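What follows is a set of notes on a single structure, which appears directly below.
The values are calculated or read from the model by the stated rules, or taken from the named source; none is laboratory data. Model, not experiment: these values are computed from the prediction. With ideal geometry, Cβ positions are generated from the backbone for all residues, glycine too; neighbour counts draw on all protein chains shown.
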């Protein structure tokens with residue numbers, strides 16, 4: 001049963017990846033030491049360091065730059081749509097604010 005010694009897959013956050021990178025690059029800790037602390041492989045730490053050196057902090061995100069751009073575009077369109085919906089309701093709101101409800105109630 002050679003698989004019993006294999007490390008289990010663990011999901012790491014961007015913050016954990018950044019921590020690992022900083023520990024190795026800025027604090028001079030060994031990759032294996034940091035990998036053991038985070039329960040990940042040395043190869044993972046090495047990959048994070050390489051990605052960080054190539055593309056900076058955003059490279060450690062679980063989402064690709066294309067996916068982030070796509071989501072930002074969707075968010076922008078959604079916000080514009082919400083703004084338009086509010087603007088459509090604005091004339092009604094202004095009209096209702098101008099009505100004098102207490103005066104109308106007295107006339108009933």
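Would you please name the residue that is surrounded by the fewest Cβ atoms within 10 Å (Cβ to Cβ), looking only at residues in the range 46-56 that are within 21 Å of the chain's Cα centre (by Cα) and either in a helix (DSSP H, G or I) or outside the structural domain of residue 24 (by TED's automatic domain parsing) (or both)? Quick ask: steps written out before the conclusion?
Narrowing the range 46-56 to residues within 21 Å of the chain's Cα centre (by Cα): 47-49, 51-56.
Now restrict to residues that are either in a helix (DSSP H, G or I) or outside the structural domain of residue 24 (by TED's automatic domain parsing) (or both): 47-49, 51-55.
Details: 47: 15, 48: 24, 49: 18, 51: 17, 52: 20, 53: 11, 54: 8, 55: 12.
This residue is 54.
Select from the range 26-44 the residues that are within 24 Å of the chain's Cα centre (by Cα) and surrounded by fewer than 16 Cβ atoms within 10 Å (Cβ to Cβ) and list them in ascending order.
39
If residue 15 passes every condition in (1) loosely packed, with under 14 Cβ neighbours inside 10 Å; (2) in a helix (DSSP H, G or I); (3) modelled with pLDDT of 90 or more but one, which one does it miss?
In the conditions (1) loosely packed, with under 14 Cβ neighbours inside 10 Å; (2) in a helix (DSSP H, G or I); (3) modelled with pLDDT of 90 or more, residue 15 misses (3) alone.
Residue under question is residue 71, and the condition is that it be over 21 Å from the mean Cα position of the chain (by Cα) and either at pLDDT 80 or above or farther than 30 Å from residue 32 by Cβ (or both); does it hold?
On the way: over 21 Å from the mean Cα position of the chain (by Cα): no; either at pLDDT 80 or above or farther than 30 Å from residue 32 by Cβ (or both): yes.
Spelling it out, it is not the case that residue 71 is over 21 Å from the mean Cα position of the chain (by Cα) and either at pLDDT 80 or above or farther than 30 Å from residue 32 by Cβ (or both).
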